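Each remark here refers to the structure printed beneath this line.
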Amino acid sequence: MDFSQAVDAVMANPAGYARYVLIAVLVIAATVAMFKVGPRLWRVIEDVFFTNWQLAMLGSAAIALSLAGGWTTWDGMTNFTGEPVLSLMFTFGIHCVMLISAWLIGETFATGMNTVARSGLARVTAPLIVILILGAALLIAGIAVYQYNYGLDTGYVINTLLAGGAVLCLLGLIVVFARTDVIAPYAQALRIMAKNSMLWVMFLATMATSVFFSFDSRFNVVFPQDQRERVSELRATNQVSAIIADIGATIANEEQVQTSSLFQSEGWHKYEDQLDRLASIAQDSSGEIERYFNDQIETRNRSIMEQQERIATAQSGQAGLSSKKTSITDELARLESDRSTLAADHSAAKTELDTRAKAIDAKRVEAMAESKGVEGTLKEGRGPVYRQLIGDLSRMQAAYKIQDDRVKDAKKRLDTADTRIAQIKRELASIDGELAKYKGEQETASQRIGMMQTDTGGEDAAPRVDPGRVLPAFETARAEFRQSPAAERLALVQQRCTQLYSAMYAADVTKQKVAGIDCDPKQASEAAAALFTLQAGVKTFNANCVGGDKLAAQRSTDALFGFAVKCLSDSGLPSQKTDELRGTIAFAEMNRDDRAHRFVVSWNAFQDGNRLAYLALAIAIGIDSLIFMTGLFGANAVRSPLADVPTSKGRNSQQLEAIIENALLPDTFDNARAALDAMRPITNADGYMAEVRPELLEPHTRHQVMNVLNAGATISAVAVDAATNRYLVRSELFEFLSIVAKRSFEANRDNVDLAELEKIVGVALLPDLNRNAEIVLSYMQPIDPEKGFTAEINLAEVLDEDRRIVRSTLNAGATLGRVQRAGKDTGYYYIHRDLYKTLARIRARTLSANIAQPRLAQADAPAAIAQQGQHFGGSLTQRAPAIEHMLPDDEFSPTEIREGFVTRLLTAMRIEPAAWNRTPGNALVTAIAANEAFVRARRINTALDSAMRQREDEARTSFDEAYTLMKGKLHGPQAGWDRQMLDDAYHDLAQSWPVLMMLPNGPFETVLRDMVEDLEADAGDGRLTGEQQALFDITRTMLQAFRANNRANETSWRHLQLFLEDMPHAEARLASDDGRTLMN
């Protein structure tokens, strides 16, 4: 079979080849994954197993359980759909959604158990009070109306009050002990479940679907077809037995209803009036009735005697004809026996005659041949031989003639016998006709006698014939029919009525009295037709259906239901009752286990209390519950220490860690270590175990630490103590920073060498680390990088007083391979970049020892703080605002002072100074153009433009207020110079105002982020209006463009400008730093 034939076969019957197509697709996908995704996936798996083995084991268990549960779900769904591929797609979606929702539910518990609940009490207003009063009034009115119409049982009221009191007491105890270690976790868990109810709905929906089809698959295994047939027969026996009983009960009830309906019908009342009238007249006409019956008896007797006389005549005629028929029959038998002999003689004679004729013909031919000389002597002529042959021929002809006479005689005898036989048969037919005639006359006479006896006889012949008992018999028949109405008894009433009526109608005296009386029950019969039909059906039903032997005789399920249908048909019930019972039979037959759908089989099993069904259900629920447990425990396996920080906003571990890790970028290890080094232990109070004093840190380190503190304040892990001018750090943040530092340190093996290098170099630089590091760095000359070596030192250029410290440092670096001699020259060395970084780090760290005290007073000088006032930090809304500390002017250059003012002004507007510092001067023009494009793009949406204008006004207000406040607090001999620096900083920032608004994490980007976060939840649920959806789409597109662009050079600003200019025409395209399209 070639390829085209194979394709045609698959297209003709796709369901038959679905498994093979699915296996081929899986093999191809596995092959592609092995070469494309396999290595990368394996590295991820290996990393997870060696870094978080609990998560790896739970993930493996979740995958294994999902595959196991998915297999049973797929098998059960295939039984329903008949499409393996379609069932596989459904199964994949169901189990993916179930596993993801279980994981998300686990995250809600992991992140929500420490969430501080906001106040949920609404403000009491007049409309709310009116609504509560109206509701209470309606409730009381409903109870009153119910009491008025139906009444309230005292016991029920007492039980209700007791139940309500118990519930209130339980709620009170829960409220009292709500903050204890026993009740609080459960209360918080219930709150989390209610808050994330949609996740639970999603999980329970998918789990219910999976459990249903998995149960079907398992139940099909433990409950095979032979078991279904056995159970089906047992259930059918019980159901049919119940149906037969229901039919009998229905018949009894219907018979009572029909009897009552008969005697209340108008037809019966009219007929009963006729009977009453006849009985009344009969009471006064007993003599006429007696004469009538005497005449009837005499007439009947005469008629019987006449018919008996006809019977006797017919019997005598039959006797004579029977004797004649016997003699003729004997003769016929004899003749038929002789005829066979005569027929044989005639046949033998005829055969002999034919033989002789053939011999004569042969002899004639022989004589002719001899005379011609052809045969015999072969001599032509009539010689002796010829003459001899002619003599023989003459003798043979004589014998033939004699035989012909014999044949004729035999034929004559045979014809005579046939003629007599035919004559006898005609006589017998005539005799049979006469006998039939006599027999018919006899039977007719007997029937007429029987009819006459039946008309006036029977078991009640005596009272009917006796004139004195005709009327009592009539009344008795009426009474019996009233007690038990039946068709036979109604006929008896009609018969008695007819007898009375005929007797009185025959007499001229009573003829006029009974005129108009009709004994035919006509309308009464019509009214009783349904009852009589039902009674006829009852007889058939009792004969064929009632009794255990009738049901036991049915050997199969089909026979049982056929028996039930037949019994229902024989019952004679009305159509309405028949339809109801027929529907019961049909429902039971459709739900047969051996022929019904699998769902019906499962439903029957639960109704029957089949333990196999409960076992299969328990297995299915158990597997999916284990999947749920793996999701819960898996989410807790990746739980971050930051999740224990009490906060009012729930965030998952990834979000919490991302906030802190982003603050640690780009040098995660150094920044984490710097933050840890800046912490000083304090007595643990409300979870805060360390403090940070930024004024004691060097500028570079202070900037790194403040970024971490700002991020920690975002997640409520850092709090500011304004009274002591310090920042308090929670133990969870310290723990996470320690974990991050350790992970970052171990992630790069060079960190071990760098740490060792820093120790060795530090020892070599003693005793004056800062000065000696500066000396060594001053002798380094940059070179083209090669194998990590980026500088060189020529000892010939080193002063004699510095040669020892330089040589010691080179020796220290050489121990770890960070110093390499250039060729064979003993005075020329290459310096590795790690050694340069180590020296620079040591120098920067040791500079803090020479930094002067800050301009602002310390925490132990409250009077100085009160005198100088508190510096304005901008309109910040964070829980832990990060306020930069200003150093004295006399310790800094004018540039540093000016930069300090710039930093404080930017901080007041919630703009990161680092973002402004990264913007080069040659990019300002392009950045302003990008701002103009953004203004044009935002005007597409009025709500967005209004929000941006409002945020820009707020930033301008904060900027001006911060400038005024700082300018008013500048005092002292250098106040004029400081004001000049402050004015320069203010005007420079004012001239670059469009750029400031567009900076990363600046005012515009912050507004976009807040709007997207506010609308994102409703957008996911589809609850946004058309205007809100348009606003969400444009803000999300702009935010994605802002996040994809670092705005650190002219090129990136140009790409952002181009993207914003195209916004009205292509909102889905994102600009990136290198100009490539990130999303379409």
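The values are calculated or read from the model by the stated rules, or taken from the named source; none is laboratory data. Keep in mind that what you see is a predicted model, and the values were worked out from it rather than measured. Backbone-built Cβ (ideal geometry, glycine too); neighbour counts: all protein chains shown.
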Where residues in region 490-536 are within 60 Å of the chain's Cα centre (by Cα) and polar (S, T, N, Q), which of them is surrounded by the fewest Cβ atoms within 10 Å (Cβ to Cβ)? Thr533
Output for region 924-970, where each listed residue is polar (S, T, N, Q) and out of contact with any helix residue (DSSP H, G or I) (no Cβ under 8 Å at 6 or more places or on another chain): Thr942, Ser946, Gln950, Thr957, Thr964
Unmet requirement for Ala635, which otherwise passes all of (1) at pLDDT below 75; (2) part of a helix (DSSP H, G or I); (3) closer than 24 Å to Val240 by Cβ: (3)
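Only one residue in Val222, Val257, Val240 is closer than 21 Å to Arg582 by Cα and surrounded by fewer than 19 Cβ atoms within 10 Å (Cβ to Cβ). Which one?
Val257
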Testing Gly93 on (1) modelled with pLDDT under 85; (2) in the same structural domain as Met202 (by TED's automatic domain parsing); (3) out of contact with any Lys or Arg (no Cβ under 9 Å at 6 or more places or on another chain), one condition comes back false. Which one is that? (1)
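Would a scan of region 763-779 turn up a residue that is part of a strand (DSSP E or B), touching a helix residue (DSSP H, G or I) at 6+ places or on another chain (Cβ under 7 Å) and either surrounded by 13 or more Cβ atoms within 10 Å (Cβ to Cβ) or without any contact (Cβ under 8 Å) to a residue 24 or more places away in the chain (or both)?
First pass over region 763-779, keeping only residues part of a strand (DSSP E or B): none.
The answer is no, given that none of the residues of region 763-779 is part of a strand (DSSP E or B), touching a helix residue (DSSP H, G or I) at 6+ places or on another chain (Cβ under 7 Å) and either surrounded by 13 or more Cβ atoms within 10 Å (Cβ to Cβ) or without any contact (Cβ under 8 Å) to a residue 24 or more places away in the chain (or both).
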Residues satisfying the stated conditions in region 217-264, i.e. among the polar types (S, T, N, Q) and either over 39 Å from the mean Cα position of the chain (by Cα) or not in a helix (DSSP H, G or I) (or both): Thr250, Asn253, Gln256, Gln258, Thr259, Ser260, Ser261, Gln264
Specify the residue that is nearest to Arg413 (Cα to Cα); the eligible residues are those in region 349-379 that are surrounded by fewer than 17 Cβ atoms within 10 Å (Cβ to Cβ) and among the hydroxyl-bearing types (Ser, Thr, Tyr). Thr351
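Is region 659-680 home to any residue that is over 30 Å from Ala840 (Cβ atoms) and at pLDDT 80 or above?
Here is the first cut: in region 659-680, the ones over 30 Å from Ala840 (Cβ atoms) are none.
No, every residue in region 659-680 fails to be over 30 Å from Ala840 (Cβ atoms) and at pLDDT 80 or above.
Specify which of the listed residues (Met57, Met77) is assigned to a helix (DSSP H, G or I), of a type in the set (A, V, I, L, M, F, W, C) and over 25 Å from Val201 (Cβ atoms).
Details: Met77 fails: over 25 Å from Val201 (Cβ atoms).
Matching residue, one of Met57, Met77: Met57.
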I'd like the residue in region 402-438 that is within 26 Å of Gln315 (Cα to Cα) and of a type in the set (Ser, Thr, Tyr) and, out of all such residues, is surrounded by the most Cβ atoms within 10 Å (Cβ to Cβ). Tyr438
Looking at Val740, is it in a strand (DSSP E or B) and closer than 29 Å to Glu691 by Cβ? no
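From the set of residues in region 1028-1060 that are under 49 Å from the mean Cα position of the chain (by Cα) and among the β-branched types (Val, Ile, Thr), which is farthest from Pro920 (Cα to Cα)? So that I can check it myself, show each step before the final result.
Our first condition is that a residue be under 49 Å from the mean Cα position of the chain (by Cα); within region 1028-1060, this holds for 1028-1046, 1055-1056, 1058-1060.
Still in the list and also among the β-branched types (Val, Ile, Thr): 1034-1035, 1037.
Working: Ile1034: 29, Thr1035: 27, Thr1037: 26 Å.
For region 1028-1060, the residue satisfying everything is Ile1034.
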For Asp667, work out the one condition from (1) buried (at least 17 other Cβ atoms within 10 Å of the Cβ); (2) more than 38 Å from the chain's Cα centre (by Cα); (3) of a type in the set (Asp, Glu) it doesn't fulfil. (1)
What are the pairs, 6+ residues apart or on separate chains, where a residue within region 988-1007 that is touching a residue at least 24 places away in the same chain (Cβ under 8 Å) and of a type in the set (Asp, Glu) has its Cβ under 9 Å from a residue that is assigned to a helix (DSSP H, G or I) and surrounded by fewer than 22 Cβ atoms within 10 Å (Cβ to Cβ)? Asp988/Arg898; Asp988/Val902; Glu1005/Leu1039; Glu1005/Arg1043
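Tally up the residues in region 892-938 that are in a loop (DSSP other than H, G, I, E, B) and surrounded by 19 or more Cβ atoms within 10 Å (Cβ to Cβ), please.
Of the residues in region 892-938, the ones in a loop (DSSP other than H, G, I, E, B) are 892-893, 909-912, 918-920.
Keeping just the survivors that are surrounded by 19 or more Cβ atoms within 10 Å (Cβ to Cβ) gives 909-911, 919.
So the answer is 4.
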Evaluate the following for Asp802: is it over 60 Å from the mean Cα position of the chain (by Cα), part of a strand (DSSP E or B), in the same structural domain as Ala844 (by TED's automatic domain parsing) and not hydroxyl-bearing (Ser, Thr, Tyr)? no
Any residue in region 147-176 that is within 30 Å of Gln188 (Cβ to Cβ) sitting within a Cβ distance under 7 Å of a residue that is surrounded by 10 or more Cβ atoms within 10 Å (Cβ to Cβ)? List the pairs, counting only those 6 or more apart or interchain. Ile174/Ile183
From the residues in region 805-828 that are without any contact (Cβ under 8 Å) to a residue 24 or more places away in the chain and outside any loop (DSSP other than H, G, I, E, B), which one is nearest to Gly762 (Cα to Cα)? Leu810
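Could you please let me know if Asp984 is modelled with pLDDT of 85 or more and acidic (Asp, Glu)?
Details: modelled with pLDDT of 85 or more: no; acidic (Asp, Glu): yes.
So Asp984 does not fit the description; no.
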Selection within region 921-971 - under 18 Å from Val1012 (Cα atoms) and touching a Lys or Arg at 6+ places or on another chain (Cβ under 7 Å): Leu944, Asp945, Met948
